[in-house]
Amino acid sequence: MSLILPESARQAPLLQNERLAMLRGRKVGAKFEVISDYKPAGDQPQAIVQLSEGVAKGEREQVLLGVTGSGKTFTMAHVIANQQRPALVLAPNKILAAQLYGEMKSFFPNNAVEYFVSYYDYYQPEAYVPRTDTYIDKEAMINEQIDRMRHSATRSLLERDDVVIVASVSCIYGIGSVEAYSEMILEVKAGQRLDRTAFLRRLVELQYSRNDQDFRRGTFRARGDSVELFPAHLEDRAWRLSLFGDEVEGITEFDPLTGEKVAKLDDIVIFANSHYVTPKPTLQQAVKLIRVELKERLAELAAQGKLLEAQRLEQRTTYDMEMIEATGSCHGIENYSRYLTGRKAGEPPPTLFEYLPRHALVFVDESHITIPQLQGMYKGDYARKSTLAEYGFRLPSCVDNRPLKFEEWDAMRPQTVLVSATPGPWELERTGGVFVDQVIRPTGLIDPVVDIRPAETQVDDLIHECKARAAKGERVLVTTLTKRMAEDLTEYLHEAGLKVRYMHSDVETLERIEIIRDLRLGVFDVLVGINLLREGLDIPECSLVAVLDADKEGYLRSRTSLIQTIGRAARNVEGKAILYAETMTESMKSAVAETGRRREKQQEYNAANGITPESVKKGIADIMQSVYESDHVTVDTGDPDKPHLLGHNLKSYLAELEQRMKDHAANLEFEEAARLRDEIRRLEVDDLGISSGSGDKQKIARARALLEEPSAPYRAAQMRKKAMQDRGSRGGGRSRGGRRPIRG
């Protein structure tokens, strides 16, 4: 399939015009240098060398097969530093993107590490449902902080070469064209002549608004001979231009909150306050072209007898054109992006990839998830837009406001490294099955043992295993095939005397985080779910992963899912995975073989280097904070002194908290003592089986009142026993939000 890409998409912004030449000529930036207390170890040195050599030879795709905890991010950073080339790191979601951003910032403190994800906290796209004749208008809530970081990212790409952009897959959606964005910049130097009125008018053209009272990002204020501007890419700094007549007497950077002067500047470059800013001549030309398309489309609808659709389209589009002519923008202006960017019908929209220099590198993290996302985003968007156009809500050209097709992304991307513990078929096909292996963890931790057991007695066997792990203060993850099965199994395990909860898609996101936190703290021991992968999410206290009905082939029991699920137990030196099945499927064989290959290689490395993982069990809390263990997301326990609780059960943890509370009280540190007291009460109430999110305020109040009394332990035990008896007489029950009563 041959693709016709616009010139800007093929060449990228490498001195495209005089303004970009001016930006590059400012010599902003420094050489890439990895700053870290650690040196590459394990498989990292050979992986860094192989990837660097492949990049130097011009290989367009490479695959890094790196298990969780092997330090894939550390390897990526060293490849970037070796090649001294800007890079884009693609992550499948905002959470992992934020994690990668933090790690890259720590590795490259002297370089520009930027964050580019969707700036919507809430987004409801415009849509029409013909079956019910329901029109849904676009609703959005923009996160100002992320918007600022997006501006900082595009600015850095145009100004300097030492840039690492960490982005989610939303970066393949259209933003303003690089040509228009680079044209709409304004350079001001100390000592130059400047017409104040023309300068203020230019700021308005750059989408800055004047506000003399509420001075915030994206605004400016003019007071006599002083003009103050809060740039789009800065968070806590603003610029003040002091004028003497029509001459710029000085430029000062200051703190907009306190007014304190921070630095004196020789020159500044002002970028637009919006990526969608468009020069006025382009807007005027766009309105003419929109009017032509509207006339043609109205004729088509009239010929088809769709008079209602024609009237609707004429009213909406005419209003939009009037708004564009009067204000330079309108509600839903992105639907006219074809005319605003000068692209032809069917051509890809301008995206972040057009801002990337041609010699940049692209790293696709968790590629087995990210690549399918890139492949599927265009089709869903096209179906929604084409329905809007068919029923007269938008012009047919609205379909050109879209994400990149996968083929367009593939043709446009620079040299790429695909990173995953389980590379998908597309990645391996592009590299001919060749990959760089990084399975050894410098910490010595190895992949878990995999045990195959019959499914006929899987529940009884699971209960036995869970009780054994709970007795040692360890945690268990159990995966089922359906929501109903997860709930029923949770009920059964609870009645068998286990402290257990479930988690699936019906449980809200924030509550999921709380559930995982409670699991790590030891409030309960077993977590049942359907898809507990959450690539990058790890629970160090988990020593057992059980997969029920592992022989039921499908997405949840595919080779990739099984390998990822088994890997959830790789954080613990006692890690083990049990697959319950009656037959050995191809996916199971492949997953067991791959896990065995990794274990064998890891054990050989440990033997050769004298590493015994068991000997560092108590030190794992410190190891987990190293760069080798940083390519994952671990839910915080909420206690800064206890980021990890390997080997600690709730009873010992409460005793430790109580001792710390008494120590703080003895030192007259009453605020800290009160905080620890409240935390102890919260954990004890949870241990009684009463969830703070259940809405049963009377029970919580009663429990806290009991805990206030001197005989709290005895009274609490009596209350727990009575609660269990009551539940037994009622046949058990479920509380809201996926919470279950917990047996003490």
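Looking at this structure, is TYR122 surrounded by fewer than 24 Cβ atoms within 10 Å (Cβ to Cβ), in contact with a Phe, Trp or Tyr (Cβ under 6 Å, 6 or more places away or on another chain) and of a type outside the set (S, T, N, Q)?
Numbers: surrounded by fewer than 24 Cβ atoms within 10 Å (Cβ to Cβ): yes; in contact with a Phe, Trp or Tyr (Cβ under 6 Å, 6 or more places away or on another chain): no; of a type outside the set (S, T, N, Q): yes.
So TYR122 fails the test.
Condition (residue is of a type in the set (Ser, Thr, Tyr) and open to solvent by less than 20 Å² (accessible area, probe 1.4 Å)) applied to segment 165-172: is it met by at least one residue? Let's see the steps before the verdict.
To start, the set of residues in segment 165-172 that are of a type in the set (Ser, Thr, Tyr) comprises 168, 170.
Filter once more, so that each one left must be open to solvent by less than 20 Å² (accessible area, probe 1.4 Å): 168.
Within segment 165-172, one or more residues are of a type in the set (Ser, Thr, Tyr) and open to solvent by less than 20 Å² (accessible area, probe 1.4 Å).
Does at least one position in segment 136-159 carry a residue that is buried (at least 19 other Cβ atoms within 10 Å of the Cβ) and of a type in the set (Val, Ile, Thr)?
For segment 136-159, residues buried (at least 19 other Cβ atoms within 10 Å of the Cβ) and of a type in the set (Val, Ile, Thr): present.
With respect to VAL188, is the statement that it is part of a strand (DSSP E or B), among the aliphatic types (A, V, I, L, M), under 20 Å from PHE363 (Cα atoms) and open to solvent by less than 20 Å² (accessible area, probe 1.4 Å) true? Talk me through it step by step, then tell me what you get.
Numbers: part of a strand (DSSP E or B): yes; among the aliphatic types (A, V, I, L, M): yes; under 20 Å from PHE363 (Cα atoms): no; open to solvent by less than 20 Å² (accessible area, probe 1.4 Å): yes.
Judged against the criteria, VAL188 is not a match.
Looking at TYR378, TYR339, TYR382, TYR391, which one is touching a strand residue (DSSP E or B) at 6+ places or on another chain (Cβ under 6 Å) and either within 18 Å of LEU294 (Cβ to Cβ) or free of Cβ contacts under 8 Å to residues at least 40 places away in the same chain (or both)? Outline the logic, then answer.
Values: TYR378 fails: touching a strand residue (DSSP E or B) at 6+ places or on another chain (Cβ under 6 Å); TYR339 fails: touching a strand residue (DSSP E or B) at 6+ places or on another chain (Cβ under 6 Å); TYR382 fails: touching a strand residue (DSSP E or B) at 6+ places or on another chain (Cβ under 6 Å).
After ruling out the rest, the residue left standing is TYR391.
Looking only at segment 65-74, decide whether some residue is closer than 22 Å to ARG568 by Cβ, among the hydrophobic types (A, V, I, L, M, F, W, C) and touching a Leu at 6+ places or on another chain (Cβ under 8 Å).
Let us first name the residues in segment 65-74 that are closer than 22 Å to ARG568 by Cβ, namely 65-74.
When the remaining residues are screened for being among the hydrophobic types (A, V, I, L, M, F, W, C), the result is 65, 67, 74.
Keeping just the survivors that are touching a Leu at 6+ places or on another chain (Cβ under 8 Å) gives none.
No, segment 65-74 contains no residue that is closer than 22 Å to ARG568 by Cβ, among the hydrophobic types (A, V, I, L, M, F, W, C) and touching a Leu at 6+ places or on another chain (Cβ under 8 Å).
Mind listing just one residue for me: the one in segment 191-233 that is within 36 Å of the chain's Cα centre (by Cα), loosely packed, with under 13 Cβ neighbours inside 10 Å and among the charged types (D, E, K, R) and, of those, modelled with the highest pLDDT?
Step by step, filter segment 191-233, then rank; the result is ARG210.
Please find, among LYS576, LYS552, the residue that is in contact with a strand residue (DSSP E or B) (Cβ under 6 Å, 6 or more places away or on another chain) and of a type in the set (Lys, Arg).
The match here is LYS576.
Which fully enclosed helices (runs of 4 or more DSSP H) of segment 329-436 have 1 or more residues being within 23 Å of the chain's Cα centre (by Cα)? Show your work before the answer.
Numbers: elements: 337-341, 367-390, 406-412, 425-430.
Counting at least 1 such residues, we get 367-390, 406-412, 425-430.
Search segment 299-342 for residues being open to solvent by 40 Å² or more (accessible area, probe 1.4 Å) and β-branched (Val, Ile, Thr), and hand back the single one that is farthest from SER397 (Cα to Cα). I'd like the intermediate steps shown before the answer.
First pass over segment 299-342, keeping only residues open to solvent by 40 Å² or more (accessible area, probe 1.4 Å): 299-300, 302-308, 311-312, 314-316, 318-319, 322-323, 325-327, 329, 331, 334, 338, 342.
Remaining after also requiring β-branched (Val, Ile, Thr): 318, 327.
On the way: THR318: 15, THR327: 22 Å.
Looking at the filtered set, the residue picked out is THR327.
On the basis of being open to solvent by 20 Å² or more (accessible area, probe 1.4 Å), modelled with pLDDT under 90, over 26 Å from ILE371 (Cα atoms) and in contact with a helix residue (DSSP H, G or I) (Cβ under 8 Å, 6 or more places away or on another chain), does GLU179 make the cut? Break it down into steps so the answer makes sense when it comes.
Values: open to solvent by 20 Å² or more (accessible area, probe 1.4 Å): yes; modelled with pLDDT under 90: yes; over 26 Å from ILE371 (Cα atoms): yes; in contact with a helix residue (DSSP H, G or I) (Cβ under 8 Å, 6 or more places away or on another chain): yes.
So GLU179 passes the test.
Is it the case that LEU562 is more than 23 Å from ILE369 (Cβ to Cβ), part of a helix (DSSP H, G or I) and open to solvent by less than 20 Å² (accessible area, probe 1.4 Å)? Reasoning before the result, please.
Working: more than 23 Å from ILE369 (Cβ to Cβ): no; part of a helix (DSSP H, G or I): yes; open to solvent by less than 20 Å² (accessible area, probe 1.4 Å): yes.
So LEU562 fails the test.
Identify, from the list VAL79, VAL34, VAL67, the residue that is surrounded by 15 or more Cβ atoms within 10 Å (Cβ to Cβ) and at pLDDT 95 or above.
Values: VAL34 fails: at pLDDT 95 or above; VAL67 fails: at pLDDT 95 or above.
The conditions single out VAL79.
Could you count how many residues in segment 432-456 are closer than 24 Å to TYR555 by Cβ and either touching a residue at least 60 places away in the same chain (Cβ under 8 Å) or buried (at least 23 other Cβ atoms within 10 Å of the Cβ) (or both)?
Pass one, segment 432-456, residues closer than 24 Å to TYR555 by Cβ: 433, 435, 447-448, 450-455.
Subsequent filtering for residues that are either touching a residue at least 60 places away in the same chain (Cβ under 8 Å) or buried (at least 23 other Cβ atoms within 10 Å of the Cβ) (or both) retains 435, 447-448, 450-455.
The number of residues fulfilling the criteria is 9.
Against the conditions (1) within 16 Å of GLU61 (Cα to Cα); (2) open to solvent by 20 Å² or more (accessible area, probe 1.4 Å); (3) touching a residue at least 24 places away in the same chain (Cβ under 8 Å), where does PRO425 fall short? Just the number, please.
Among (1) within 16 Å of GLU61 (Cα to Cα); (2) open to solvent by 20 Å² or more (accessible area, probe 1.4 Å); (3) touching a residue at least 24 places away in the same chain (Cβ under 8 Å), the lone unmet condition for PRO425 is (3).
The values are calculated or read from the model by the stated rules, or taken from the named source; none is laboratory data. Because the structure is predicted, anything quoted here is derived from the model rather than measured. Positions of Cβ are backbone-derived with ideal geometry, glycine not excepted, and every protein chain shown enters the neighbour counts. Side chains included, ligands, DNA and RNA excluded: accessible areas come from the protein's heavy atoms. Shrake-Rupley method; radii C 1.70, N 1.55, O 1.52, S 1.80 Å.
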